[in-house]
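The values are calculated or read from the model by the stated rules, or taken from the named source; none is laboratory data. Everything numeric here is computed off the predicted structure, so don't read it as measured data. With ideal geometry, Cβ positions are generated from the backbone for all residues, glycine too; neighbour counts draw on all protein chains shown. For accessibility, only protein heavy atoms count, side chains too; no ligands or nucleic acids. Shrake-Rupley method; radii C 1.70, N 1.55, O 1.52, S 1.80 Å.
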Amino acid sequence: MQIFIDSADVREIREAAAMGVIDGCTTNPTLVAKVGRKLEDVIPEICSIVDGPISAEVISTDVDGMVAEGRELVKIHKNIVVKIPLIGDGLKAVRIFSAEGIKTNVTLCFSPMQALLAAKAGATYISPFVGRLDDIQYEGMELIEQIVTIYENYGFNTQVLVASVRGPMHLVQAALMGAHCATVPFNVITQILKHPLTDKGLEQFLADAKKMKA
Ligand code: E4P
């Protein structure tokens, strides 16, 4: 399973990239606003750090606007994936981009049939938001299982990109279900790294190292 970082903060993106654990990056308007930067400034910097798919989201909601924005975004770098909301005009834009060989990430997916429509339109990635479903007392990971099965049943090439990840268990389940990728906030990457037995074991090794013969 590929791991993308869900962030527009170049300090944490650099830190995760230095560990060699990330295959790509996803951003959204909320994440970009949080770092107080312009999309056109932050995206090229992310592209210089991460050698993999970088999702940049359009903010238009009509097909012409989305297509125009997406065509500008892909000029920034060859790794740009145009992130598009799962609405009717969004799918029209996905269809156009698919015919032009431009990669798309269809975002804000909350149901298996939305995911089926996105795949039919030619989406490169579908982003089901598991954490936000959990928040309203739906089982977010059930949606991943359904989409993976549906895509396998009909041989769609669209990749399942698990989004709105809130903790390590979402990732364990996603990997067991055969999701292609997951996008993970930096704090979750840190949580995954942490294990009390790793800390305890390291402490012991360092203590014993002091007893080694020089
Ligand atoms: C990624 O593509 C999504 O925009 C992101 O995972 C949403 O996460 P959130 O629900 O924590 O905002």
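Only residues that are open to solvent by less than 20 Å² (accessible area, probe 1.4 Å) and either within 15 Å of the ligand (Cβ to nearest atom) or closer than 14 Å to THR26 by Cα (or both) were counted in the range 99-128, giving 12.
Residue pairs whose Cβ atoms lie under 8 Å apart, separated by 6 or more positions or on different chains, with the first residue in the range 47-73 and within 16 Å of the ligand (Cβ to nearest atom) and the second open to solvent by 70 Å² or more (accessible area, probe 1.4 Å) and part of a strand (DSSP E or B), are GLY52/GLN2. Of the listed requirements (1) open to solvent by less than 10 Å² (accessible area, probe 1.4 Å); (2) of a type outside the set (Phe, Trp, Tyr); (3) in a helix (DSSP H, G or I); (4) away from the ligand (no atom under 12 Å from the Cβ), VAL160 misses just one: (3).
LEU31 meets each of the listed conditions (1) more than 14 Å from the ligand (Cβ to nearest atom); (2) within 20 Å of the chain's Cα centre (by Cα); (3) surrounded by fewer than 18 Cβ atoms within 10 Å (Cβ to Cβ) apart from (1). Can you work out which of the residues in the range 163-191 that are over 21 Å from ALA121 (Cα atoms) and in a loop (DSSP other than H, G, I, E, B) is farthest from the ligand (Cβ to nearest atom)? Within the range 163-191, the match that is farthest from the ligand (Cβ to nearest atom) is GLY178.
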